[in-house]
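Only one structure is covered here, and it is reproduced in the block below.
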Amino acid sequence: MVMGITSILSSLNGHHHAACWLVLIGYLLDLADGAVARRLGACSALGAKLDDYADFTTFGIATSLLLRTSDLLDNILCVCYVLSVFTRLCFFTSGIPFMYRGLPCIYSSAILASASLLSGGNLALLRVIAVAMILFMISQNFYPHDRVLESQAWKKAVYAGGVVMLFCSSFPPACVYYLLWSVSYILFPTSLWSSKV
C-alpha cells in the first residue's frame, strides 16, 4: 500500500517516472506478500482485506493516475480503469481453486507502467493499452492464481530476475523484462503460468 500511496503522490506532483517505478515495485511486493505471510504463519482475514486495499490503491488508483491529463476523456478513462480494478477485485472470484475470472489487476498495471516508461509517457499508446487492460480485467476468461514464490523453481527465477532488474539494470531492459513477464501471463495463462505447470 505504501508503494501505491507514494506513486499517487508522485503522479500528483508531476514525477511520472517515479510513479511508474513505484507501481512496478508494488508489483514485486504483491507477488511476495502472500508467500511471506504464509511462511510466517501470519495469514488472517484482516490481512486479506488489507491486501485488497493495497491492490486497489496501487493497481487501481495509482495506475490510473499514470493516464491522467487535463483532458476530460483521459479523466473518464482513469475513472473507468479504477472502476474495472474495483470490479475485478470485488466480484470476479471464479469459485474454481487457483483460478481467477478476469485478468488480475497486478498484470495490467505492470504492463501500463512498463509501457509508459518505455514510450516516454506516450498518451496515445497508453490510452489503447488501458482500454485493452480494462477489457481483459472485466472479461470472463480464466487466469491461474499461481503463487510464484511457492511454485516451480523457474517461476522463482523469473521473480528473482525481476528483483535483479529493479536494482541492477538500466531502465529499458528492466521495463522490457516486466512487460514480457506480464504479457506472457495474458498470452499463455494456463500453459505457462498455471500452478500445475
How far is helix 72-91 tilted, in degrees, relative to the longest principal axis of the Cα atoms in the chain, given as a value from 0 to 90 rounded to the nearest 10? 10 degrees
Within-10-Å neighbourhood charge of Glu150 [Cβ basis; K, R +1; D, E -1]: +4
Take the chain, drop everything but the C-alpha atoms, weight them equally and run the Debye formula without solvent; then report log10 I(q)/I(0) at 0.12 Å⁻¹ to two decimals. -0.55
Between the helical axis of 123-137 and the dominant principal axis of the chain, each derived from Cα atoms, what acute angle in degrees is found, rounded to the nearest 10? 30 degrees
Shape category assigned to the range 73-153 from the gyration tensor of Cα positions, a/c cut at 1.5: oblate
Out of the total accessible area of the range 3-120 (probe 1.4 Å, heavy atoms of protein only), what percent is carbon and sulfur? 68 percent
In the chain, taking the dipole from +1 charges on Lys and Arg beta carbons and -1 charges on Asp and Glu beta carbons about the Cα centre, the listed residue (Tyr178, Val2, His16) farthest towards the positive end is Tyr178
How much accessible surface does Tyr53 have with a 1.4 Å probe, in Å² rounded to 10? 140 Å²
Against the rule of thumb 2.2 N^0.38 Å, how large the Cα Rg of the range 108-169 comes out: 1.39
Under a Cβ-only charge scheme (Lys and Arg +1, Asp and Glu -1), can you give me the dipole magnitude of the chain about the Cα centre, in debye to the nearest 20? 360 debye
Enumerate the amide H contacts of Met99 below 5 Å, restricted to partners 5 or more residues apart or on another chain; note that Pro and chain-start residues carry no placed amide H. His145
In whole angstrom, note down how far apart the Cα centers of the range 14-80 and the range 131-197 are. 16 Å
Rounded accessible area of Thr69 (nearest 10 Å², 1.4 Å probe): 40 Å²
In debye to the nearest 20, the charge dipole size for the range 97-197, taken about the Cα centre with +1 at each Lys and Arg Cβ and -1 at each Asp and Glu Cβ, equals 120 debye
How large is the accessible surface of Phe91 in square angstrom, using a 1.4 angstrom probe and rounding to the nearest 10? 140 Å²
Probe 1.4 Å, protein heavy atoms only - accessible area per residue of the chain in square angstrom: 49 Å²
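The values are calculated or read from the model by the stated rules, or taken from the named source; none is laboratory data. Please read all numbers here as calculations on a predicted model, not as lab measurements. Neighbour counts run over all protein chains shown; Cβ positions are idealised from the backbone, glycine included. Keep in mind that these areas ignore ligands, DNA and RNA; they rest on the heavy atoms of the full protein, side chains included. Shrake-Rupley method; radii C 1.70, N 1.55, O 1.52, S 1.80 Å.
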